[in-house]
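To keep things clear, I will list the structure first and then write my remarks on it.
The values are calculated or read from the model by the stated rules, or taken from the named source; none is laboratory data. None of these values were measured; they are calculated from a predicted model. Ideal geometry is used to build each Cβ from the backbone, glycine not excepted, and the neighbour counts take in all protein chains shown.
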Amino acid sequence: MNDTRDVMRVAAVSAPAVILGIAGLVPFLGLTVLIGLGSDTWYGYWLTALSYYGAVILAFVGALHWGYALKRFAWGETAWLQYGFSVAPALLAWVSLLLPVWTALRLQAAGLLVCYAFDRVAARVDPVPQWFLRLRAVLTVTGAASMICASWL
């Protein structure tokens, strides 16, 4: 199947996920632009707003694994792994907010990338639709890049 048909199929099957996922990039991109081009007066405010949003998204991404575990009726060692991983990003997000904002943004970006890597590994054991991993790649790279860029501005 060629790329154009594949993209159209993804949009048709998962339009809410695609639309809401892309909409979720607006704060990452918008705040990064405001940090880079905005006035010095608002710099700290926008930087902090981005780190708060990054923490929320990191917690959300981790929580996906709670849903996977529930759906699979995870039990035993698998349950410990899935439920445990699902709360780890939220804890990382919380700790990041206790650190200087530049460190928080970098830690959150790293956390998003680790979550995506974990999702790819988990998908080998418990398959997810291919469009999901593609969408997660775009969202993860864009969000992480925004936070890394903002942390250096």
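Residues that are within 24 Å of Ala117 (Cβ to Cβ), of a type in the set (Gly, Ala, Ser) and touching a residue at least 40 places away in the same chain (Cβ under 8 Å): does the stretch 57-67 have at least one? Spell out how you get there, then give the answer.
First pass over the stretch 57-67, keeping only residues within 24 Å of Ala117 (Cβ to Cβ): 57-67.
The next check asks that each one be of a type in the set (Gly, Ala, Ser); those that pass are 59, 62-63, 67.
Then drop every residue that is not touching a residue at least 40 places away in the same chain (Cβ under 8 Å), which leaves 62.
Yes, some residue in the stretch 57-67 is within 24 Å of Ala117 (Cβ to Cβ), of a type in the set (Gly, Ala, Ser) and touching a residue at least 40 places away in the same chain (Cβ under 8 Å).
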- prompt: β-branched (Val, Ile, Thr), at pLDDT 85 or above and surrounded by 13 or more Cβ atoms within 10 Å (Cβ to Cβ): does that describe Ile19?
  reply: no
statement: Residue pairs qualifying under the 6 Å Cβ cut-off, at least six apart or on distinct chains, with the first in the stretch 114-126 being closer than 18 Å to Val141 by Cα and touching a residue at least 40 places away in the same chain (Cβ under 8 Å) and the second being assigned to a helix (DSSP H, G or I) and among the hydrophobic types (A, V, I, L, M, F, W, C), are Cys115/Val61
field: Members of the stretch 36-58 that are surrounded by fewer than 22 Cβ atoms within 10 Å (Cβ to Cβ) and touching a Ser or Thr at 6+ places or on another chain (Cβ under 7 Å)
entry: none
